[in-house]
Each structure stands twice: as C-alpha cells, then as structure tokens.
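Here is the structure we will look at, set down as structure tokens.
The values are calculated or read from the model by the stated rules, or taken from the named source; none is laboratory data. It should be emphasised that the depicted structure is a prediction, and the values quoted were computed from it without experimental measurement. Cβ placement follows ideal geometry from the backbone for every residue including glycine, while neighbour counts extend to all protein chains displayed. The area values use the complete protein model at the heavy-atom level, side chains included, leaving out ligands, DNA and RNA. Shrake-Rupley method; radii C 1.70, N 1.55, O 1.52, S 1.80 Å.
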Amino acid sequence: MDLELVTKGKQLSDNDLTILTYLAAHVNELEGVSLRKIAATLYTSPATIVRLAQKMDFSGYLELFYFLKNQYRPQNQFVEATVDISIPTDKIAPSIQAMKQIYQKNQEKFITIYATGFSSMIAEYLYKKLLVNGIKTLFVNAADSSGIINNNIDNISMLIVISKSGETQKVVEKMHFSKDHGIPTILFTGNSQSRATEAASIIFEVTDERPLDSQNIKYNSFFGKLLLLMEYIVQEFTKTN
C-alpha cells in the first residue's frame, strides 16, 4: 500500500511511520484484535496509536483502521472488472456549457491541456480528440519546458488539467499560475477535497477506488471512466446546436 498520499503534509515521527506501516501491512489480520494487544506487539502504548490516528485527521484508531482496510486488497485476490460507466449528464451539463462559453469567446486562442504520469496519456488522447474536431489545442506534460505555458499565457483560453489525487505539485503550480493571469482552469480529478480543487474554476470528479495507489499498480477503473467521460464531454462540447 502506498502511504505517501495519506501522510503528505502530516507531522509524523519515525515511530508514527513504523506503526502506520505495520497497521497497513497487517490490516487484514487485525480486525477484532484489541488496541492494547496491537500496542503491545509494537512495544508502544494504545494512546500513542490513538494520537497517530488523530494526527492524520481521524477521530481515533478504529476510523484509521477501517480507512486502511478499505484501501487494502491482497495481491492475489481477483477483482471483478465490473465498472459503472453511467455519466451524470444532468449534473455536468452546466459545467460543459460554461466551457463552451469560454471557448466561444476565445476561439482564436488555444485550449491548453496539462497532466503528468498516467494522466498524461488521457490528456494526450483528449488533445488529439479536440484537434480532429478542429479545435485549437495545445498539450503539455511534465517533460516539456514550463515556458510553453508561461510564455504563451496570453494565447490560452482555458487550462485543462488532470490529477487523480488532486495533489500533483506541478499541476497545482500550473493552475495557480493560470488563475493569477485570469485563465479559467478545468480540473478532472478523483479527489474533490484537494489543493487542486481549491484552484479550479470547473471541476469534473471521477470516482477513484484506489486513492492511495499513486503508482497505479492495482486494478482501478478511474482512468477508464475518465476516458469515457472525456468522450461524452467532447461530444457535447462540439455540438453546434
């Protein structure tokens, strides 16, 4: 289990991290085990484990335990690949309409798309999808110079970004830069409670059942659902009537 996201920004000691790592690694074996016994195994006190949970914004040990348990799935356990592909069309219609209005007022400018990692593959797909529909689009990823956006900000109509966690530092930086220059930012994310959402003008949220899997190692339907959502948005975005 990747604990980087859940511990980011938390003031945890080395002992806290040792405890958390143990809980995450043994979560499937600890249900029903008393907190006192777990503390004894770790040569610590129940109060120390409770304080750790509170440092991580949980009310206590049980809330932390069930959070970890919901993120855990043994590597040899098969997952039924059943994906809910329903799109809340009524809910997102106002956001798509807002995007169309921004575009219609700035058709001479570029829609700029930025993403990193796995998200950049989806971003590139969206870039090409908009291009074949005759829409001026620019695609930028982490490997490109920051000057591409910084030095062309006056020619950008909107910035579209993708961040599964909503905490990708380079994405957040580009969003704040655009916001400071009056450029609307459209965010696709799996985390509505993130730094990126605070900087976004328009937000499209896609359910992420693996928020701690930042390396995208395990089964996750996030990117599949995101791609389908992109298809629908492009269809609605390019309608002429």
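Given the conditions (1) in contact with a strand residue (DSSP E or B) (Cβ under 9 Å, 6 or more places away or on another chain); (2) open to solvent by 20 Å² or more (accessible area, probe 1.4 Å); (3) modelled with pLDDT of 95 or more; (4) hydroxyl-bearing (Ser, Thr, Tyr), which single one is not true for Tyr125?
(1)
If Leu23 meets every condition in (1) more than 18 Å from Leu62 (Cβ to Cβ); (2) in a helix (DSSP H, G or I) apart from one, which number is that one?
Going through the list (1) more than 18 Å from Leu62 (Cβ to Cβ); (2) in a helix (DSSP H, G or I), Leu23 breaks only (1).
Kindly provide the set of residues from the stretch 1-25 that are among the acidic types (Asp, Glu), modelled with pLDDT of 85 or more and surrounded by 12 or more Cβ atoms within 10 Å (Cβ to Cβ), ordered by number. Break it down stepwise before answering.
First pass over the stretch 1-25, keeping only residues among the acidic types (Asp, Glu): 2, 4, 14, 16.
Filter once more, so that each one left must be modelled with pLDDT of 85 or more: 14, 16.
The answer is Asp16, and nothing else.
From the residues in the stretch 26-51 that are open to solvent by 60 Å² or more (accessible area, probe 1.4 Å) and outside any loop (DSSP other than H, G, I, E, B), which one is farthest from Asn70 (Cα to Cα)?
Only one residue fits best here, namely Ala40.
If you scan the stretch 92-119, which residues turn out to be within 24 Å of Phe223 (Cβ to Cβ), open to solvent by 20 Å² or more (accessible area, probe 1.4 Å) and either hydroxyl-bearing (Ser, Thr, Tyr) or free of Cβ contacts under 8 Å to residues at least 12 places away in the same chain (or both)?
Listed by number, the residues that qualify are Ser95, Thr116.
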